[in-house]
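Note sheet for the following structure.
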Amino acid sequence: MSAAPSTLDILVTGCTAVTMDDAGTVIEDAAIGIADGHIVWIGKAAEAAALPKPANTVDGRGRIALPGMIDAHVHTGQQLLRGKLAELSRKQPLRMPPWKNYYIPFESMLTPEDVYLSGLVAYTNMILNGTTCFLEAGGPHPDEMARAAEEVGIRGFVALSTVDRNTDFAGRTVPGSMLMTTQQAYDRNVELVRRHKGAGKRVQAWLSLRQIIVCTPELTKSLADVARQEGVKIHTHLAEGTYEIDYALEHYGARPTTYLEKIGAIGPHIHAAHSVILMPEEVDLYEKHQISACHCAMGNYGIGIPRLQEMWRRGIPIGLGTDGAASAHTMDIFQVAHAARIGQAAQIGHAYHHRTPMSAEEILKVATRGGARAAGLGNELGCLEAGRRADLILVDPSDADCWGAQDPFYIAAHCILGRDVRTVIVDGKLVMKEREMLTVDMNRLRANLAKGRAEIMARFDAVVTA
Ligand SMILES: [Zn+2]
């Protein structure tokens, strides 16, 4: 229980709160008081009678309250490409790697309005799955992502796709519209971050470097310097392909993480998606410099041996991510968490004859507390605790897939999927109530999606897949 607040915007009553705090506290018949975007009180509903009258009450009976999920690596601009590569691969072998051959060419054709639509679709999809915060990898027209995120009511950090080296790879180079000079790349990144800056602002921007093979050392170093000055992170992809390791060894004489150290770009401002193909000494660098990582379970097990358990237990800030709808097919972090558990069991469990190297409960903690730390908001998000920002979800454990189970923490970690999420609060505001999106006209969005996707795909087919 916490000290009584003087006013309340929302009081959630009667829920079972799986707080995800350090002690693993679960509060039956709980109440959660929210004011000014923060959780100001959490405790037994019976003790909430003395609280001030709330402006709004949310009936949480029969629901489990959890902190919102955090998607620590997503590509907003690829949302409308969902399913396209699978469809193509049934007709012809795909060119590798997909990000250079399909994703960047796709992004290069998107207009600002396309990205705005993509953002509305992606963030609505996230809210419907209980994701309350996203970390964008870097795509075209990030101001339009921010506009969509503001409108949908989600928390997030947008970023610009940043490429200043036109590395020829697999016979395909980066489209001109996605390529910048080093100076342009620096200026556009810094201006973006400054445009969206503001303490506690729900939607902000980070710096971005697409990947070390398409970014010069000069840009990498200068963005690291400005990240330190501005107090923001650089979102990048690291240790995600054998081609990348070969490139780094050939051009920089070092593996990717060691290269970042060598040029003075390493530090807690680096957020490195995937982080799979790592030597033990590179994992040491992650720990020493507190580089944050994102485990994209839907794709990482096809890359190599992801060290989720090792990184998490060594205190490296690591969260879970979808990698976007085009790669992961789903935007549901609960599904990503289940895949992560099985992946770790197949990989480390097998080697050590240990069936469950990471429990589902521990992985749910990665998705919430870990994601919060990766976002640089370890003390503000990821946990239902007085003083933290009010980003929380109410899930419905009444589906047959939960029948028979008693323990709410078990149910949340093993049985719940994004589709069981009923109500979502972000920054102290109701964004979805009993599956009704309060911020988005769903019929209009569906119509705009159908129209927009057909137009964009016609362009993509003409240029990329012909
Ligand atoms: Zn990615």
Legend entry - Cβ crowding within 10 Å averaged over residues, with 386-393, 111-118 ranked highest first: 386-393, 111-118
Inset, instruction - Could you pull out every residue, at least 5 positions away or on a different chain, whose amide H is within less than 5 Å of the one on His295? Hs are placed 1.01 Å off N in the peptide plane, and Pro or chain starts have none. - result: Gly319, Leu320, Gly321
Legend entry - For segment 69-374, size of Cβ-based charge dipole, Lys and Arg +1, Asp and Glu -1, in debye: 440
Inset, instruction - Could you work out how far the C-alpha centroid of segment 1-70 sits from that of segment 348-394, in angstrom? - result: 20
Inset, instruction - Give me the Debye-computed log₁₀ of I(q)/I(0) at q = 0.07, 0.11, 0.12, 0.16 Å⁻¹ for segment 69-374, equal point scatterers on Cα only, no solvent, two decimals. - result: -0.23, -0.60, -0.73, -1.40
Legend entry - Estimated vicinal HN-Hα couplings, Hz - segment 390-397 in sequence order (Karplus 6.51, -1.76, 1.60; Gly, Pro = x): 8, 10, 8, 10, 10, 10, 9, x
Legend entry - Long-range HN-HN contacts of Gly130 with modeled amide H, under 5 Å: none
Inset, instruction - Which order do the peptides 297-304, 152-159 take when ranked by the mean count of other beta-carbon atoms within 10 Å per residue, highest first? - result: 152-159, 297-304
Inset, instruction - Check the straight Cα-Cα distances from Lys53 and name the lysines below 21 Å, setting aside those fewer than 8 residues away within the same chain. - result: Lys44, Lys429, Lys433
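Quick check on packing: order 279-289, 203-213, 350-360 by the mean number of other C-beta atoms within 10 Å, highest mean leading. List each step's numbers first, then the result.
Numbers: 279-289: 15.4, 203-213: 26.1, 350-360: 12.9.
Output ranking for 279-289, 203-213, 350-360: 203-213, 279-289, 350-360.
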Legend entry - Spatially near lysine pairs across segment 69-374, Cα under 24 Å, sequence gap of 8 or more or different chains: 15
Inset, instruction - Would you please state which residues of segment 205-230 a label at Ile263 would reach in this model, taking the label point 7 Å out along Cα→Cβ and a backbone N cut-off of under 18 Å? - result: 207-229
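Values in this text are rule-based calculations from the coordinates and carry no lab data. The shown structure was predicted, so the numbers you read here are calculated from the model rather than taken from an experiment. Cβ atoms come from the backbone with ideal geometry, glycine included; neighbour counts cover every protein chain shown.
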